[in-house]
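The values are calculated or read from the model by the stated rules, or taken from the named source; none is laboratory data. All figures in this text were calculated on a predicted structure; none of them were measured in a lab. Here the Cβ is made from the backbone with ideal geometry for all residues, glycine too, and neighbour counts use every protein chain on show. Note: areas computed on protein heavy atoms with side chains; ligands, DNA, RNA excluded. Shrake-Rupley method; radii C 1.70, N 1.55, O 1.52, S 1.80 Å.
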Amino acid sequence: MSMNNAIRDWRAQRVWLLGASTGIGAALATALLTRGARVAVSARRAQLLEQVIAPFDARQCCALPLDVRDADSVARAEQALSASWGGYDLVVVLAGDYQSHILAEFNLASARHILDTNLGGVYNVLAAVVPRLRAARAGGLVLVSSVAGYRGLPRSLVYGPSKAALNNLAEALYLELKDDNVAVSLVNPGFVRTPLTAHNPFPMPAIIEAPAAAEAIIAGLERGAFEIHFPRRFTWVMKALALLPAALYLPLMRWLTR
Ligand SMILES: NC(=O)c1ccc[n+]([C@@H]2O[C@H](COP(=O)([O-])OP(=O)(O)OC[C@H]3O[C@@H](n4cnc5c(N)ncnc54)[C@H](OP(=O)(O)O)[C@@H]3O)[C@@H](O)[C@H]2O)c1
């Protein structure tokens, strides 16, 4: 039994992607537009958004620049989209930022920036879209988190906790929105080659390209899955590690990342 209503025909879907100027979001926009969905793309850089949708029919797509840290800008975009399309069926929050943080170089401003974007941004989106989705008693919400949220990781004092919060939040949302017939999915990618990971100084096991990540997300939504994680050869290992008690997990993680 699937946990959400499976999406069968993308041509009937009006999708709003937040965080779609580059990386996984841009690849997802292209893949969904190619399947015939209507797609609105949002992020801060308007010019990049226009480039993402440029190859497609202007009646099928639009760009709504915004900053997810600014609740008013998200609310204004939501109103503009609703006025133009009469609503939306699926909202995918990909907007996120990454920096590695260690205590020896801890920077509070940088920590706040990551939390305001990755977690605060999601609450700003929820405030804007949940009333309309609940009233429609249809559609869905997708939060893009990370396997970095499963357990504590080295050099991850802020990004990991921001994603752990999203993993928890997605479950809380699922429990409430099920009665309203609004689907909730959680996407937990492993490593994907995007601007976000471009400067990682460490080897990234099983890294995949952004179009492959987009296909995995689409396949998960077509299955009606709650958690969509990929690439499985990496994420199953992370899931197995996450099951260990701290007394085993922490020494093992220290050894693996020494
Ligand atoms: N790449 C990976 O290995 C990986 C792994 C696990 C999870 N993820 C997650 O996947 C999501 C997408 O990441 P990605 O890898 O595709 O990285 P990316 O190419 O850097 O994409 C991040 C997107 O978020 C947007 N964004 C950032 N801050 C924003 C803000 N304040 N307001 C609005 N939009 C904002 C960026 O656009 P602008 O800069 O134009 O605003 C961009 O479109 C993120 O949530 C990330 O944490 C990625």
Name the helices (runs of 4 or more DSSP H) wholly within the stretch 6-92 that hold at least 1 residues that are over 16 Å from Ala210 (Cβ atoms)? 46-53, 71-85
Kindly indicate which of Tyr174, Tyr150, Tyr159 is within 16 Å of the chain's Cα centre (by Cα) and buried (at least 23 other Cβ atoms within 10 Å of the Cβ). Tyr159
Subset of the stretch 219-238, residues surrounded by 16 or more Cβ atoms within 10 Å (Cβ to Cβ) and either within 19 Å of Tyr98 (Cβ to Cβ) or within 15 Å of the ligand (Cβ to nearest atom) (or both), comes to Gly220, Glu227, Ile228, His229, Phe230, Pro231, Phe234, Thr235, Met238
Residue satisfying all of: in the stretch 120-162; within 30 Å of Arg258 (Cβ to Cβ) and in a helix (DSSP H, G or I); farthest from the ligand (Cβ to nearest atom) among these: Pro161
Can we say Leu133 is modelled with pLDDT of 95 or more, open to solvent by less than 50 Å² (accessible area, probe 1.4 Å) and closer than 25 Å to Ala240 by Cα? no
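Matching residues to (1) open to solvent by 50 Å² or more (accessible area, probe 1.4 Å); (2) at pLDDT 95 or above; (3) of a type in the set (Asp, Glu); (4) more than 14 Å from the ligand (Cβ to nearest atom):
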site: Gly190; (1), (2), (3), (4): no, yes, no, no
site: Leu196; (1), (2), (3), (4): yes, yes, no, no
site: Ala242; (1), (2), (3), (4): no, yes, no, yes
site: Pro245; (1), (2), (3), (4): yes, yes, no, yes
Does at least one position in the stretch 68-88 carry a residue that is open to solvent by less than 60 Å² (accessible area, probe 1.4 Å), among the aromatic types (Phe, Trp, Tyr) and within 16 Å of the ligand (Cβ to nearest atom)? no
